[in-house]
Amino acid sequence: MKTLVLVEHDGKAVKDATLAAVTAAAKLGEVHLLVAGKDVGPVAEAAAKIAGVGKVHVADAAHLEHQLAEDVAPLGARLMADHDAFIAPATTTGKNVAPRVAALLDVMQISDILSVEGEDTFTRPIYAGNAISTVRTKDAKKVITVRGTAFEKAARDGGSGTVEAVDAGSHDAKSKFVSEAMSKSERPELTSAKIIVSGGRGFGSNEQFHGLLDPLADKLGAGVGASRAAVDAGYAPNDYQVGQTGKIVAPEIYIAIGISGAIQHLAGMKDSKTIIAINKDEEAPIFQVADVGLVGDLFKIVPELTEKL
Amino acid sequence: MKLLVAVKRVIDFNVKPRVKMDGSGVDLANVKMSMNPFDEIAVEEATRLKEKGVATEVVAVSIGPMKAQETLRTALAMGADRAILIQTDEEVEPLGVAKILAKIAEEEQPGMIILGKQAIDDDSNQTGQMLAALLGWPQGTFASKVEVGDGSVSVEREVDGGAETVELKLPAVVTTDLRLNEPRYASLPNIMKAKSKPLATKTPDELGVDVARRLETLKVVEPAKRQAGVKVASVDELVGKLKALGVVK
């Protein structure tokens, strides 16, 4: 089987989410990549070095700079004439593009796979991860998104793929990129951080959220996450949200502070290796999944913890 | 401009799903069902656009069993003008749903279709994108802000790194994210009024749409359970644990 993996990148570097998708693709067969963007020669060169990669298809054009689904999906669908599976990381880019490719190919997508059980059989989470479904597809071609935390990352080197330019297609004038407001942070990205400190509504305000959590995160070299409640309350921006519909994370250590542990939140972090919970309510559901729990006032505990680390 | 909103009847978001003993799926017998939360946000957004005078009519569509009428009545009570139920007892996959909605869009000619970005039962996050592809329309997925202009709509999207704004020519498909709005509760008078709003029922066959499933569910199991660990009594003990884990020296 020949697979085509959509490379997640920011115009400069290949993102980690790609590496998990490559591992999933390698379980199905030959791994080809698609790099779509503007001035992405260096990205393609880096992608070709990923272990196990065969061919890297590069569509380099001004109109692909922001990887709009309206432009990338027809490109992916066209390249699928010579491939059997289109595979994208389950990131916001992948989730935006892959179903559009699937519909163009008249294929039912398999979202967010956790494992490859056979060439047409996969497991995936449903109901916020409260159930794991094993599905077999009848479609001849496959379109799949891959949960990054469920697969090992392929090595960034050791591969010797060949880079090949492909026709970038034309711009779909119905859709136009206007602007972006990206969070700037020196901290590790949530989906690749080894340690995450995450805050909930218990912090009470934006100032207290950042005033208490940021120093702790800096001390630990951790990424900062948040529950939906904290994001809704405006304590943290949307890209901090961990949960069913936010980011799915599985760090070595996840420290949940002032987070009660709604199932929607647990869906996003319960595969973390070690979970530490700090909450004033000893009955909070978060303690049912925590390896280490501390009941108490976060306003006292967090500064003390930051100081003693 | 006419707006189409799609709503799905799903397990209530407060209910903890239980896997059936025979591994065939999740037990929905005697479980509280509600409108998918993201679809509530879609109905709210459409209603607000009508209240602002941007939209002239809001049509709610649901694909599902007879009981999905209740979900449509909720949409009507929130502000939709009329409803269409595509009735089927089969579970329709996102691709099938997208094909049905595309067919309805051909008939209704809406200026915009608003859907939830995902349903909290199958967590697929596909239907809106597929629908846009089938219609050849632009898509604004994971929307946190929607502003309709002259012949176009500006959509702010929640993306992994922050936010992105795109401008789409109408007609367009928009899928909602959590922070687009806070859906209203339907008032009692509006719930009463909703009972007399028109609700048409059709079947996938009548629309001529093939909704045969492409995915076969072989089994559904519970995920591995985490065991609750230990409670510590002080920050010092917690620091000790973190040291044991090698987080700090």
Close Lys-Lys pairs in the stretch A:206-309, where close means Cα under 15 Å and separation is 8 or more or interchain: 4
Built amide H within the under 5 Å cut-off of A:T274, gap 5+: A:I253, A:Y254
Cut-off 18 Å (backbone N to label point 7 Å along Cα→Cβ of B:E206), residues of the stretch B:47-83: B:59-73, B:82-83
Tail weight of P(r) past 17 Å, computed on alpha-carbon pairs of the stretch A:119-161, percent: 52
Rounded FRET efficiency, nearest 0.05, which uses the C-beta distance separating A:K300 from B:A228 and R0 of 25 Å: 0.60
Residue-by-residue Karplus 3J(HN,Hα) for the stretch B:206-220, coefficients 6.51, -1.76, 1.60, Hz, glycine and proline x: 4, 7, x, 10, 7, 10, 4, 6, 9, 9, 10, 7, 7, 6, 10
Descending principal axes extents, the protein assembly as shown, alpha-carbon based, whole Å: 67, 63, 50
Phi-based couplings in Hz for the stretch B:32-48 (Karplus 6.51, -1.76, 1.60; Gly and Pro marked x): 5, 10, 9, 6, 3, x, 5, 6, 4, 5, 5, 5, 4, 5, 5, 4, 5
Three principal axis lengths of chain A [C-alpha, angstrom, descending]: 59, 40, 39
Semi-axis lengths (Å, descending) of the ellipsoid that matches the C-alpha gyration tensor of the stretch A:85-242: 34, 21, 18
The protein assembly as shown - mean residue ellipticity at 222 nm from DSSP helices (-39,500 (n - 2.57) per run, n ≥ 4, rounded to 500): -8000 deg cm²/dmol
Amide proton proximity set for A:G52, modelled H, under 5 Å, gap of 5+: A:G159, A:S160
Chymotrypsin sites (Phe, Trp or Tyr not before Pro) restricted to DSSP loop in the stretch A:77-170 with at most 15 other C-beta within 10 Å: none
Euclidean distance between Cα centres, the stretch A:30-97 to the stretch B:105-135, Å: 24
GNM result for chain B, Cα springs below 10 Å: residue of B:D150, B:D121, B:D177 fluctuating most strongly: B:D150
Whichever aspartates and glutamates have a C-alpha closer than 12 Å to that of A:K142, once near sequence neighbours (fewer than 8 apart) are set aside: A:D84, A:D106, A:E119, A:D120
Amide hydrogen neighbours beyond the local backbone of B:L170, cut-off 5 Å, H modeled: B:S152, B:V153
Rg to Rh quotient for the stretch B:5-109, alpha carbon positions, Kirkwood Rh: 1.01
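Bear in mind that the values in this text are calculations on the coordinates, not laboratory data. Everything numeric here is computed off the predicted structure, so don't read it as measured data. Please note: Cβ atoms are built from the backbone with ideal geometry, for glycine as well, and neighbour counts cover all protein chains shown.
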